[in-house]
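First comes the structure, then the notes that go with it.
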Amino acid sequence: MKVTINQKTFDYDGDPAMPLLWFIRDDLKMTGTKFSCGMALCGACTVHINGEPTRSCQLPMSAIQGKQVTTIEGLSKDASHPVQQAWREHNVPQCGYCQSGQMMQAAALLSKNADPSDEDIENYMSGNICRCGTYPRIRAAIKTAAGKV
Amino acid sequence: MTDTISTSRRAFLKRSATASGFTLGLTLLPASRPSAMFADTSAGDSLTPSVFVSIHESGEVEITCHRSEMGQQIRTSIPQIIVEELGANWQFVKVVQATGHPKYGDQNTDGSRSIRRNFDRLREAGATAAYLLRAAAATGWQADIADCEVSDHQVVHTPSGKKVGFGKLVAVAATLPLPEADKLALKPRKDWQSIGKPIRSLDIQAMTSGKAVYGQDVILPDMCFAVIQRPPVVFSSAESVNVADIKAMPGVLDVITLPAPEAPAMFKPLGGVAIVAKNTWQAWQASKSLSVKWSEHANAVYNSTTYREQLLATANKPGEVVRHQGSFSQAEKQAHSVLKAQYYAPHLAQAPMEPPAATAVVTDDSAQVWTSVQTPQAARQVVAAALNLDPEKVTINVTLLGGGFGRKSKPDFVVEAALLAKAMKRPVKVVWRREDDLQHGYFHTVSAQALTATFNQQNQVTGWLHNSVFPSISSTFDPSANKPSDGELDLGLVDTPFAIENLQLERGEAIAHVRIGWMRSVANVYHAFAIQSFVDEIAHHTGKDQQALMLELIGPDRHIDFAQSNAKYGNYGDPLESYPVDTARLKNVINTVCEKANWAQRHKKGRYLGLAAHRSFLTYAAVIIEVEVDKSGSWSIPKAYVALDAGTVVNPEHVKAQCEGGIIYGISCAIGQITASNGQINESNFHNYLVARMPQTPVEVEVTIIDSVAPPGGVGEPPTPPAAPALANALFAATGVRLRELPIPLSVKRS
């Protein structure tokens, strides 16, 4: 099968049940998308499938045929997406491990909702865990990026 | 888009190439008497400041960060200290992550001590380098060194305004003798331009672009991937394994039974069955078909439900006294009233977002490991021992850590990678799954505490009894350890800061059945939970305001003299002369946080606030959490307040972030639990191990950093201990329900 990731097309002939995460990380060696729970419980592996935020650790390769996959490496060419800029402006990352997933989730939120309320942000982001506790800064950064996506 | 892995590999290669290129450069220096400052050549146990700084003829300043980066931005704050004294320009500064080696001194990134234990020596390292550059310029100009100052990567001759760049001075400076210590004038505080400034994390660009490389992200040519099914009960072992079935599965390269350890657990791998495959998924898939017969082990008796009862029963019996003053029994006899309460806190898992991972390459006479570890020297030692190699032949390359919180100070997973790489004769990455992390960790201990306060007729506290019972971290290193260690009791029990006439602090026996280990703030977490909750209970019992009561209990401004109460106090390994237990500073953070949160007006405004304060890691922290509870009992936190007195602060922005994150980690401590049935851990992933998500955390955290000239205290851990009691106290204010046992449910209905 052919899969399209960050607008590049790749051939895949492995197990169609393998989650996309492992194709991205182990086969393509793109490690911006993180492994943390493997059960779609934490959001560290979030990518966009046709623009929808999706947990790649539970998404089988068979499900992405004909779809556009975007990873953190493809969110912008030079880390200049408004969410990435806002993340730097607010010094959001501590260890940084969950932040690819947080930014992918936040970018999807702002593409649908240009002016999210505190509650909108909480609802949309509650599937993404950060053990360093950067949540207050994530909230603030999303507000800064709002309207710029 | 370049792929991040080859970028990271290039980074590693470039790193070693730079090091060797530099050594080469040295041999070419004229009249070479290479001062240690310019070469990373010191060996053995010796530590000179020079291992932290090298300056190249290009003018590039290379600063070695010997501590692990796990979110505290140490890779920025260590260079900040050196840049200050060196007068360097950040544009020409490169940070290099140290491998594990004793020449750096202590590299254990734990105990909130990276800054406080290195502040002076890093300043001296920077000042030494600056002195040599100034001396070189003075020689060239035939000027007085006192007229030569470092500024913006140059030495400036102040009378004439002549300037010369650092790079041009390297060849001469390298030939000069190191200055005597008394010649080093450190910059006065008033002139600081780097220390105390909110300099942005040097890694933030990589972290926001997906390019930052963690232990899980290391990829080497020809590597294979391993997952390990570890024994469900600690110290049981695999008796039979369906090896042939598993080997026949897609992608599986080998199935290797790892040796089962015997007590003490130390940093040994747990054993189990490793499946090595062509990618992580294939190893993981194959593990689901594993059929292993595990041996019986006595640890299978461990059941959290019955163990809780035992711990509480022990806590309510007289314990071994570890500190006392006056006579508690006398106070109890004469008491007008008595208040008793018991507190329980379950096991927790550190659960860093990045589960442990290590990648190793092992040859007959050497080993290279890339891993996210808090203790690179311990990793080097245990890998060397496991492979029977000279430690000098083992290189531990430290990646970024996707969180540590104490889990990654135990390098058992590094040994696993080394053993498997040796067996496979090719690079192996060991990937811990979340289930492995939660079920086979070094757990934050389970604890029970009983407290009693006695009162006179005026409702003053006359006596205080506190018995603390928990299986000790010492049991991980000494199987005979059957009670809390002195070191753990020093974390919040022995240093109870109250001026109570009759004070008695005790410990009781408890046997460990799982591996117990450090977790962020360690014993301070449950000690602060019990003490600060009990103080709030006393406030309600006596009808006093909690802030006023806390100030009354802490008593007059003083430095606590532990000898007066028959106790020795470890004080986090630092002398009480430089880091006293200073009650004035503790009261100051309480008053500050109360002022910021408008504590006194809370009732008028219908706000539900919880207050707690605790000194740990030589730093004073007070927290107020405000809760809202809806009709269903579901609580949320619109705002939290922290006041932190950490002495001198290197980077206030990082300290602020640690306060925010520290409170949130403490909220996780209050809502999560790890339990065992028949010796096996019940929780397996984030659906049944609750950690704080955005809805359980403050919408806003207001941080006040106390301006102080005291020596630096810890920062990474002190904000955590007050969080759980502040939350419990706030929920009591809102609902009337006293939460003495953790975990706190996500819904608390009004009583």
State yes or no: is residue A:127 at pLDDT 95 or above and either within 7 Å of chain B (Cβ to nearest Cβ) or part of a loop (DSSP other than H, G, I, E, B) (or both)? yes
Exactly one of A:93, A:136 is touching a residue at least 12 places away in the same chain (Cβ under 8 Å) and either among the aromatic types (Phe, Trp, Tyr) or within 11 Å of another protein chain (Cβ to nearest Cβ) (or both), and that residue is A:93
Tell me, please, whether a residue that is more than 24 Å from residue B:523 (Cα to Cα) and aliphatic (A, V, I, L, M) can be found in segment B:313-336. yes
Is one or more of the residues making up segment B:612-625 within 14 Å of another protein chain (Cβ to nearest Cβ) and either in contact (Cβ under 8 Å) with a residue 60 or more places away in the chain or of a type in the set (Asp, Glu) (or both)? yes
Looking at segment B:139-172, which of its residues are in contact with a helix residue (DSSP H, G or I) (Cβ under 6 Å, 6 or more places away or on another chain) and at pLDDT below 90? B:172
Residue list for segment B:196-212, filter: hydrophobic (A, V, I, L, M, F, W, C) and either within 7 Å of chain A (Cβ to nearest Cβ) or part of a helix (DSSP H, G or I) (or both): B:204, B:206, B:207, B:212
When you scan segment B:73-81, do you find a residue that is under 14 Å from the mean Cα position of the chain (by Cα), surrounded by 24 or more Cβ atoms within 10 Å (Cβ to Cβ) and farther than 21 Å from residue B:379 by Cα, even just one? yes
When the residues of segment A:56-68 are narrowed to those that are closer than 19 Å to residue A:26 by Cβ and away from chain B (no Cβ under 13 Å), which ends up nearest to the chain's Cα centre (by Cα)? A:64
Condition first: within 26 Å of residue B:68 (Cα to Cα), crowded, with 20+ Cβ neighbours inside 10 Å, touching a Ser or Thr at 6+ places or on another chain (Cβ under 8 Å) and without any contact (Cβ under 8 Å) to a residue 12 or more places away in the chain. Can you find one or more residues in segment A:70-83 that meet it? yes
Name the single residue that is surrounded by the most Cβ atoms within 10 Å (Cβ to Cβ) among those in segment B:220-250 being of a type in the set (A, V, I, L, M, F, W, C) and within 15 Å of residue B:428 (Cβ to Cβ). B:226
Which condition number in (1) out of contact with any helix residue (DSSP H, G or I) (no Cβ under 9 Å at 6 or more places or on another chain); (2) at pLDDT below 95; (3) farther than 28 Å from residue A:91 by Cα is the one that residue B:120 fails? (3)
Output yes when any residue across segment B:400-414 is at positive phi and of a type in the set (A, V, I, L, M, F, W, C), and no when none is. yes
For segment A:100-111, indicate whether the set of residues that are hydroxyl-bearing (Ser, Thr, Tyr), at the interface with chain B (Cβ under 8 Å from one of its Cβ atoms) and in a helix (DSSP H, G or I) is non-empty. yes
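Within segment A:1-38, take every residue that is among the charged types (D, E, K, R) and within 16 Å of residue B:215 (Cβ to Cβ) and give me the one that is surrounded by the fewest Cβ atoms within 10 Å (Cβ to Cβ).
Across segment A:1-38, the extreme among qualifying residues is A:29.
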Here are some conditions: (1) surrounded by 16 or more Cβ atoms within 10 Å (Cβ to Cβ); (2) assigned to a helix (DSSP H, G or I); (3) charged (D, E, K, R). Residue A:120 meets all but one. Which one does it not meet? (1)
Starting from residues that are over 20 Å from residue B:417 (Cβ atoms) and surrounded by 14 or more Cβ atoms within 10 Å (Cβ to Cβ), keep the ones in segment B:251-268 and report whichever is nearest to the other protein chains (Cβ to nearest Cβ). B:264
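Have a look at B:692, B:670 and point out the one that is in contact with a helix residue (DSSP H, G or I) (Cβ under 6 Å, 6 or more places away or on another chain) and without any contact (Cβ under 8 Å) to a residue 40 or more places away in the chain.
Every option except B:692 fails the conditions.
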For residue B:182, only one of the following conditions fails: (1) within 14 Å of chain A (Cβ to nearest Cβ); (2) closer than 30 Å to residue B:709 by Cβ; (3) part of a helix (DSSP H, G or I). What is its number? (1)
Residue set B:713, B:666; condition crowded, with 24+ Cβ neighbours inside 10 Å and in a loop (DSSP other than H, G, I, E, B); output residue B:713
Does segment B:88-108 contain at least one residue that is closer than 24 Å to residue B:189 by Cα, of a type outside the set (D, E, K, R) and surrounded by 24 or more Cβ atoms within 10 Å (Cβ to Cβ)? yes
Please determine, by comparing only the residues of segment B:271-295 that are in contact with a helix residue (DSSP H, G or I) (Cβ under 7 Å, 6 or more places away or on another chain) and away from chain A (no Cβ under 13 Å), which one is nearest to residue B:382 (Cα to Cα). B:274
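The values are calculated or read from the model by the stated rules, or taken from the named source; none is laboratory data. Quick caveat: nothing in here was measured; it's all calculated off a predicted structure. Virtual Cβ from ideal backbone geometry, glycine too; neighbours counted across all protein chains shown.
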